[in-house]
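The structure appears below as structure tokens.
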Amino acid sequence: MSLKKITFPYYQVKEGENLKTISQKFDIDATKILLDNQVSPKQIKEGVFLILNKN
């Protein structure tokens, strides 16, 4: 079995990151990240996969 690397627009949250740092890193509005993923800021933790869509 081979593992497939997931690439943009999916992003796995890394240790020490939060909504603000991810928003700044990818230049995407924080509210848009929350709405696209139907999550609250408290749910954005290390290991979680997020959809990061600039459109």
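The values are calculated or read from the model by the stated rules, or taken from the named source; none is laboratory data. Nothing here was measured: the structure is a model prediction, and the numbers come from that model. Heads up, the Cβs are rebuilt from the backbone with ideal geometry, glycines too, and the neighbour counts pull from every protein chain shown. Accessible surface is based on the protein model in full, side chains and every heavy atom, while ligands, DNA and RNA are left aside. Shrake-Rupley method; radii C 1.70, N 1.55, O 1.52, S 1.80 Å.
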**Item:** Spin-label pair D36/T21, simplified geometry with 7 Å Cα→Cβ offset, distance in nm
**Value:** 1.9
**Asked** Can you pull the accessible area of K54 for me, 1.4 Å probe, Å² to the nearest 10?
**Response** 120
**Simple Cβ-charge dipole of the chain, Lys/Arg +1 and Asp/Glu -1, about Cα centre, in debye nearest 20** = 100
**Item:** Surface share of carbon and sulfur [accessible, 1.4 angstrom probe, percent] for the chain
**Value:** 53
**Complete:** Read-out Cα extents along the principal axes in Å, candidates (1) 47, 33, 21; (2) 29, 23, 16; (3) 37, 25, 20; calculated match is (3)
